[in-house]
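Asks: Please see the structure below; I have some questions.
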Amino acid sequence: RSSRSRSTRRPAWTAATPSTMQQQGGAPGEEPELFDRRSFTNNTKAISYVRTVMTISGGFAAGILGLTGLRGFAFFMALYAVTSLAILSKMGGRVDKYLPKATAQSFLLGGIGGEALAFVLYWTLMYALVHIY
């Protein structure tokens, strides 16, 4: 077997290592922050993927269950909170280790608007298919 057949894919959750870090310039007098751009990009994509899958499956579930009004939005908020907390626990609670310059609050609330719109799209689609037609 050749060495090319082996997968060189990076793990889903990676922290920056000194050998792969790049310097990010800061303000004069500040020490530059070191981070790995590939790890940052990979981590951001992984988080986005998990949240998108949650949104689609949650929207389908809410539509099939026949949730309407505030119950549907409460379902979305609960699902989003559980998913975000699960990702946060996978990170060991150290958001800044995996996403430079991010706080726990920005991580938990980031992207909620776009995910809510996608949730409503799939929620109404499934509700219409199951309960109206």
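Asks: Once the principal axes of the Cα atoms of region 38-90 are found, what is the range along each, listed largest first in whole angstroms?
Replies: That works out to 42, 18, 13 Å along the principal axes.
Asks: Okay, moving on. Full extension from A81 to L108: what is 0.36 nm times the residue separation minus their Cα-Cα distance, to one decimal in nm?
Replies: Net length gain for the segment: 9.0 nm.
Asks: Starting from the Cα-Cα distance between V130 and A61, subtract it from 0.36 nm times their residue separation and give me the gain in nm to one decimal.
Replies: This chain segment gains 23.7 nm when fully extended.
Asks: Then there's this: What shape does region 31-133 have by the C-alpha gyration tensor, where a ≥ b ≥ c are the square roots of the eigenvalues, rounded means a/c under 1.5, and otherwise prolate means a/b greater than b/c and oblate the rest?
Replies: Cα axes put region 31-133 in the prolate bin.
Asks: Further question: Round to the nearest 0.05 the FRET efficiency obtained for T41 and L121 when R0 = 25 Å and r is the Cβ-Cβ distance.
Replies: Approximately 0.40, to the nearest 0.05.
No value in this document is a laboratory result; all are computed from the given coordinates. These numbers were taken from a predicted model, which means no experiment stands behind them. Counting neighbours? That spans all protein chains shown, and the Cβs are built from the backbone with ideal geometry, glycine included.
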